[in-house]
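So the structure is just underneath, and the comments pick up after that.
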Amino acid sequence: LCGDLKMQVPFPFSLLCLQVIKCKAAVLWEANKPFSIEEVEVAPPKEHEVRIKIVATGICRSDDHVITGALVMPFPVILGHEAAGVVESVGQGVTSVKPGDKVIPLFIPQCGECKSCLNTKSNLCSKTDLGNRAGLMPDGTTRFTCKGKAIYHFLGTSTFTEYTVVHESAVAKIDSDAPLEKVCLIGCGFSTGYGAALQTAKVEPGSTCAIFGLGGVGLSVVIGCKVAGASRIIAVDINSDKFAKAKELGATDCINPKDFSKPIHEVLMEMTGGSVDYSFEVIGRTDTMTAALACCHYNYGVSVIVGVPPAAEKITFDPMLLFTGRSWKGSVFGG
C-alpha cells in the first residue's frame with residue numbers, strides 16, 4: 001500500500017512512507033578477507049537523495065583493488081559501483097527521477113554547479129567521494145548500518161546490496177525498456193573504456209592503437225577504437241584465451257608478452273614500423289603504464305592511463321619520453 005501511495009499522492013505526504021529497509025548486502029569488514037552476506041539497514045533518502053533497488057551489478061577490478069589494499073578506502077564497506085536498478089523512493093527536492101524509474105548510479109556524480117562540471121574539458125565532479133569524504137554521503141554520514149555499526153559507502157554508489165542510497169547528482173534516468181542486466185555495464189566498464197578512446201584520446205580514423213589489458217574495460221577500448229575508425233588495433237594481454245573475443249570486437253592483432261624475449265614496447269614498435277599513435281593501459285600496473293607510453297610516437301603519440309594505479313607505487317621514467325612531444329593522460333569514467 002505504501003508503495004502505491006508514493007506513486008499517487010502529493011510528495012509531502014509520501015514522505016510518511018519512507019522507512020528503513022532491511023535487506024541483504026555483501027559487506028567487506030576488512031581488507032584481504034572474504035565478503036560476508038549480512039542483513040543491513042538502509043536509511044530513507046534525505047534531501048536530494050535517491051534510494052534505489054539494485055537489479056543488476058557488475059564486478060570491476062576497482063572493487064578488487066579495495067580488497068587487496070591497492071585502493072585505500074575505510075572499512076567496513078559495501079563495494080560495487082557498476083549497476084542498474086529501479087528508484088524505490090526519493091528525498092525532498094528530488095526532481096530528476098521518481099519512484100519506478102529505471103536508473104544507473106554514477107560513481108562520478110554530475111552536480112552541474114562546481115568548477116569541474118562547468119568546464120567542458122572535465123567530468124570529475126568535485127562531489128565525488130574520491131577525496132576527503134571517502135565512504136560518506138555529501139553530508140558526512142552514511143545510510144547503511146549493520147549489527148549496530150555504521151557501514152561506509154563506496155564511490156557514492158555501493159551496489160553490492162539489494163538497496164542503496166545515492167545523491168541525486170549521482171543517478172541517471174534511463175529508458176524504461178532498457179535491459180538492466182546489460183546496461184549496468186554502462187555504469188563503469190563499458191563507458192570507462194569506450195570513452196577513453198573517443199573522449200580522452202580522441203582516436204582518429206586511420207590511426208594505430210595498442211591496448212594493454214583485455215578485461216571488460218580493455219575490450220570496451222577496442223570497441224571505441226574501432227568505432228573511431230582506427231585502421232590497426234593491437235591487443236596485448238598475457239592471457240591468450242582473451243584474443244578470440246578481442247578480435248570479434250575489432251582487434252586486428254593480438255600479442256602475448258610472454259611469447260617474446262624483448263620488452264613489449266620494443267615488440268610493438270617493430271610491428272608498427274616505429275610506434276603506435278595511441279596506447280591505452282587498462283590493467284593498473286606501473287610497468288605497463290610506462291611501456292604503453294614508450295610504444296607511442298615520440299612526438300605526437302598519446303598514451304592514456306585507464307587502469308587504477310596502485311596506491312603505494314610510484315612511477316620512474318625517462319623524462320625524454322615526454323620532452324619530445326608525447327602526451328600522457330589519465331581517464332576516469334571515460335572522461
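The values are calculated or read from the model by the stated rules, or taken from the named source; none is laboratory data. The shown structure was predicted, so the numbers you read here are calculated from the model rather than taken from an experiment. Don't worry about glycine lacking a Cβ; one is built from the backbone with ideal geometry, like all the others, and counts go over all protein chains shown. Keep in mind that these areas ignore ligands, DNA and RNA; they rest on the heavy atoms of the full protein, side chains included. Shrake-Rupley method; radii C 1.70, N 1.55, O 1.52, S 1.80 Å.
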Legend entry - Extreme residue, positive dipole direction of segment 21-187, given options Ile174, Met73, Ala43 (C-beta unit charges): Met73
Legend entry - Using a Förster distance of 22 Å, the FRET efficiency for Asp64-Ile238 (Cβ separation, nearest 0.05): 0.80
Legend entry - segment 32-52-segment 106-136 distance, computed between alpha-carbon centres (Å): 21
Legend entry - Separation in nanometres of the label points that stand 7 Å from Cα toward Cβ, at Asp287 and Lys173: 5.0
Legend entry - Residue-count net charge about Thr164 - beta-carbon cut-off 11 Å; Lys, Arg +1, Asp, Glu -1: 0
Legend entry - Karplus 3J(HN,Hα) series, Hz, for segment 308-316 with 6.51 cos²θ - 1.76 cosθ + 1.60 (x for Gly, Pro): 5, x, x, 4, 9, 9, 10, 9, 10
Legend entry - Low-density loop cleavage sites - trypsin sites (Lys or Arg not before Pro) in segment 264-335, where at most 11 other Cβ are within 10 Å (DSSP): Lys314
Legend entry - Cα centroid separation - segment 230-276 against segment 159-185, whole Å: 35
Legend entry - Loop trypsin sites (Lys or Arg not before Pro), segment 139-170, which have at most 13 other Cβ atoms in a 10 Å radius of their Cβ (DSSP): Lys147
Legend entry - the chain - accessible surface per residue (Å², probe 1.4 Å): 47
Legend entry - Distance-filtered residues of segment 42-74 - backbone nitrogen under 19 Å, label point 7 angstrom along Cys23 Cα→Cβ: 42-60
Inset, instruction - Give a residue-ordered list of calculated ³J(HN,Hα) values for segment 105-111 (Karplus: 6.51 cos²θ - 1.76 cosθ + 1.60, θ = phi - 60°; whole Hz; x for Gly, Pro). - result: x, 10, 6, 10, x, 9, 6
Inset, instruction - Scan around Ser89 for amide H atoms under 5 Å from its own, H built in the peptide plane at 1.01 Å from N, and keep only partners 5 or more places away or cross-chain. - result: Arg51
Inset, instruction - Determine the share of the chain's accessible area contributed by carbon and sulfur atoms, expressed in whole percent, with a 1.4 angstrom probe. - result: 55
Inset, instruction - As a check on your grasp of the helix formula, calculate [θ] at 222 nm for the chain: sum -39500 (n - 2.57) over DSSP H runs of n ≥ 4, divide by the residue count, round to the nearest 500. - result: -5500 deg cm²/dmol
Inset, instruction - Taking only Cα atoms and a 10 Å spring cutoff, compute GNM fluctuations for the chain and point out the largest among Gly229, Gly189, Gly156. - result: Gly229
Inset, instruction - Tell me which residues come under 5 Å, amide H to amide H, from Ala210 once H is placed; ignore anything under 5 positions away on its chain. - result: Ile234, Tyr278, Ser279, Phe280
Inset, instruction - Under a 10 Å cutoff between Cα atoms, tell me which one of Ala43, Ala292, Ala197 has the largest fluctuation in the Gaussian network model of the chain. - result: Ala43
Inset, instruction - With all protein chains present, calculate the accessible area of Val94 using a 1.4 Å probe and round the result to the nearest 10 Å². - result: 20
Inset, instruction - Calculate how many DSSP beta bridges within the chain are antiparallel, expressed in % of all such bridges and rounded to the nearest 5. - result: 60
Inset, instruction - Please list, in chain and number order, the residues 5+ apart from Gly330 or on another chain whose amide H is under 5 Å from its amide H, with Hs placed from the backbone. - result: Ile305
Inset, instruction - Taking the Cα centre of the chain as origin, sum charge times position over the Cβ atoms of Lys and Arg (+1) and Asp and Glu (-1), and report the length of that vector in debye to the nearest 20. - result: 300
Inset, instruction - Identify which of Phe154, Phe323, Phe35 has the largest mean-square fluctuation in a Gaussian network model of the chain, with springs joining Cα atoms closer than 10 Å. - result: Phe323
Inset, instruction - First select every other residue whose beta carbon is under 11 angstrom from the beta carbon of Leu214; then total the charges, Lys and Arg +1, Asp and Glu -1. - result: +1
Legend entry - Number of Lys pairs (Cα under 20 Å; 8 or more positions apart or on different chains) in segment 190-330: 9
Legend entry - Under the span-like rule (Cα at least 15 Å along the axis, Kyte-Doolittle mean at least -1.0), DSSP H helices of the chain: 216-228
Inset, instruction - Give the residues of segment 137-169 whose amide nitrogen is closer than 12 Å to a point set 7 Å from the Cα of Ser36 in the direction of its Cβ. - result: 146-149
